[in-house]
Amino acid sequence: MIVRLASIGFGNVGHALLPMLVEKADELQRRYQLTFAFSGALTRTAGGWIAPAGVSATQLLASGWPTGDIPAGAEPFSGDAQAFIAACPADIVLELTTLQPESGHPAIEHIRAALQAGRHVVTANKGPIAHAYPELLALAARQGVALRFESAVMDGTPIFNLAESSLPVTTICGFRGLLNSTSNFVLGRMAAGETLELALQAARHLGIAEAVPTYDLEGWDAAVKATIVANVLMEANLRPADVRRIGLGSEAMRREHLALPPGRTLKQVVDCVRDGDTVRVEVRLEALPSSDVLAHLAGMEAALMLHTDTMQDLVIIEGEGGPGQTAFGVIADIVTISTRPPLSIG
Ligand SMILES: NC(=O)c1ccc[n+]([C@@H]2O[C@H](COP(=O)([O-])OP(=O)(O)OC[C@H]3O[C@@H](n4cnc5c(N)ncnc54)[C@H](OP(=O)(O)O)[C@@H]3O)[C@@H](O)[C@H]2O)c1
């Protein structure tokens with residue numbers, strides 16, 4: 001079966017997706033009888049193209065687009081994402097545009113339009129899932145199509161797919177985790193004797209911290225991710241602003257670091273509990289004892305501990321993530337959509 005993909009946004013994740021699809025093409029065919037072809041792609045500045053007959057990942061990779069020419073056989077497309085969704089024939093729309101953490105726009109509109117057009121959607125974008133998950137999920141269900149987003153939290157690390165496929169009749173009662181790699185990296189460097197400024201400089205140099213680090217250090221990134229996990233796995237109805245961010249930021253990190261008792265490790269911890277009908281999420285700095293598994297995460301590692309009523313605590317640890325792992329999560333989602341009917345998660 002040939003499955004047509006149309007991508008809105010084609011940056012780091014799009015570029016990581018192509019070699020993986022090329023490398024796995026034979027296995028996808030042999031194990032699932034699946035061939036993925038791109039019927040179109042769009043970026044903000046380079047415009048886009050549409051190829052109803054489909055362009056293989058090998059052809060697209062060879063074209064060098066979006067810096068190179070559009071692939072052979074494709075027609076150039078100029079217009080915005082809404083016009084692209086209306087014009088591009090596709091089975092699955094990939095929403096891979098830039099994150100807008102405060103609102104999720106315009107990715108929410110992209111996903112809404114794709115679902116309304118009867119397309120399945122896969123996104124790695126946290127914004128629309130954190131801000132509009134219930135609405136988008138309901139729309140997908142009405143349209144009889146799937147909305148999948150494994151890569152929105154901890155890159156492609158299986159969290160939602162694990163819960164959906166491997167935890168039947170399980171209630172997720174809460175979770176704890178380290179969801180912001182930059183904070184973990186900076187606190188690790190500070191524990192090794194570096195100043196916060198130098199640690200941040202190193203994080204920027206590695207491309208993991210923003211020029212303005214507030215989003216990471218003040219807990220907004222963790223709050224956005226925790227909102228998604230709580231809403232999807234615990235049927236909460238939170239927005240990122242509902243997450244309590246307590247005692248965070250550079251000053252608090254310096255102060256807590258200096259006051260740290262021996263044998264403890266400082267981490268930015270996300271904690272989620274169910275309290276009756278309410279789900280509460282907090283992000284705070286914690287001085288963890290060495291008996292806590294989260295104390296041992298190093299560098300850019302991230303972790304999520306799910307509290308379950310069947311398997312007690314399950315801990316998922318991600319090594320250093322990036323566009324490659326994110327692309328894998330996108331592939332996991334497009335394979336799931338192509339091999340079975342949509343299922344709800346939670
Ligand atoms: N990189 C990772 O490791 C990672 C991990 C987890 C999740 N994610 C998420 O995955 C998504 C993609 O990440 P990325 O690293 O590939 O981002 P990126 O390199 O910044 O690429 C974003 C792409 O979206 C395009 N774009 C932005 N707004 C658009 C619009 N309105 N219409 C059409 N195209 C638009 C950009 O075009 P221009 O370049 O022309 O502006 C670019 O092609 C983001 O939401 C990110 O948060 C990424």
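Read-outs throughout are calculated quantities, based only on the coordinates presented, and are distinct from any laboratory measurement. Just so it is clear, the model here is predicted, and its values are computed rather than measured. All Cβ positions, glycine included, derive from the backbone under ideal geometry; neighbour counts span all protein chains shown.
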| remark: Percent relative contact order for segment 275-346, counting Cα pairs under 8 Å at least six residues apart, stands at 17 percent
| field | Size of charge dipole - segment 260-328 - debye, nearest 20, with Cβ of Lys, Arg +1 and Asp, Glu -1, no other charges | value | 200 debye
| Among H205, H110, H307, what is the fewest-to-most ranking by other Cβ atoms within 10 Å? | H205, H307, H110
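Find the percent of Cα-Cα distances in the chain that exceed 31 Å, and round it to a whole number.
35 percent
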| Of all DSSP beta bridges in segment 1-122, antiparallel share, percent nearest 5 | 35 percent
| remark: Taking the alpha-carbon centre of each part, the distance from segment 4-31 to segment 167-193 in Å is 29 Å
| request: Using amide H atoms built 1.01 Å from N in the peptide plane, name the residues 5+ places from I50, or on other chains, whose amide H lies under 5 Å from its own. | output: E75, F77
| query | With the contact rule set at Cα under 8 Å and sequence spacing of 6 or more, what percent relative contact order holds for segment 189-327? | reply | 17 percent
| said: Whole angstrom only: what separates the Cα centroid of segment 228-290 from the Cα centroid of segment 46-91? | reply: 42 Å
| note | One quarter of the C-alpha convex hull surface, i.e. the mean projected area of segment 36-93 in nm², amounts to 3.6 nm²
| note | Result row for the chain, helices from DSSP H with C-alpha axial extent 20 Å or more and mean Kyte hydropathy at least -0.5, is 126-143, 323-339
| said: Among DSSP bridges having both ends in the chain, what percentage is antiparallel? Round to the nearest 5. | reply: 65 percent
| How large is ³J(HN,Hα), in whole Hz, for each residue of segment 91-106 in order, when computed from phi with the Karplus curve 6.51 cos²θ - 1.76 cosθ + 1.60 and θ = phi - 60°, using x for Gly and Pro? | 8, 10, 9, 9, 9, 10, 8, 4, 5, 10, x, 6, 9, x, 7, x
| query | In percent, what relative contact order does the chain have, based on Cα pairs under 8 Å that are 6 or more apart in sequence? | reply | 18 percent
